[in-house]
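The values are calculated or read from the model by the stated rules, or taken from the named source; none is laboratory data. Bear in mind that the values here come from a model prediction, so they are computed numbers and not experimental data. For neighbour counting, all protein chains shown are included, and Cβ atoms are generated from backbone atoms with ideal geometry for every residue, glycine included. Just so you know, the surface numbers come from the protein's heavy atoms only, side chains and all, with ligands and any DNA or RNA stripped out. Shrake-Rupley method; radii C 1.70, N 1.55, O 1.52, S 1.80 Å.
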Amino acid sequence: MTMYQPIGAASDRVMATLVAGLEIEFGRDAGEALARQFLSAEEADFRWDARVWERWLGAYECLDDDEYDLDRIAICGRLDGEWFVATMIVDGDGNAQGMLGCRLFETRDDARMTLAMAH
């Protein structure tokens, strides 16, 4: 039986679970280092999946005349025990295409206040 749990529901355990899985595959010494690299490389997707609240900021204006319509969306969530607010570039299907910036917060209230003021 396979158990699936979205990142947002298990955000405090993401790093520990990732490290444990990588340690099984690559050994104890490599687990944490590989997990940090993996999280860094896929940060936009991890943060998008860990969002709790979101706020549409407007269309994302590309310098290239792409055929895709993209939006800027501010998100607030919790990942690896830390609250964050990030500005994401999201496509019309609701998939994160990139992250413009991210700030970390000690409390949920500070993060939510920042999300409310995002523009």
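Results, tabulated for the structure shown:
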quantity: Net charge contributed by nearby residues that have their C-beta within less than 15 Å of residue 55 (K/R +1, D/E -1); calculated: +3
quantity: Within a Gaussian network of the chain (alpha carbon springs, distance under 10 Å), most fluctuating of 75, 24, 89; calculated: 24
quantity: Of 20, 74, 35, the one that fluctuates the most in a GNM where the chain has Cα springs shorter than 10 Å; calculated: 20
quantity: For residue 60, distant residues with modelled amide H under 5 Å away; calculated: 70, 71, 72
quantity: Cβ charges +1 (Lys, Arg) and -1 (Asp, Glu), total dipole of the chain, debye; calculated: 660
quantity: Value of Rg/Rh across the chain [Cα atoms, Kirkwood radius]; calculated: 1.03
quantity: Residue order for 87, 107 - accessible surface, 1.4 angstrom probe, largest first; calculated: 107, 87
quantity: Span from the region 48-87 Cα centroid across to the region 19-38 one, whole angstrom; calculated: 28
quantity: Contact order relative to length of region 10-119, as percent, for alpha carbon pairs under 8 angstrom and 6 or more apart; calculated: 21
quantity: Separation in nanometres of the label points that stand 7 Å from Cα toward Cβ, at residue 68 and residue 103; calculated: 2.7
quantity: Accessible area (Å², per residue) of the chain, counting only protein heavy atoms and a probe of 1.4 Å; calculated: 68
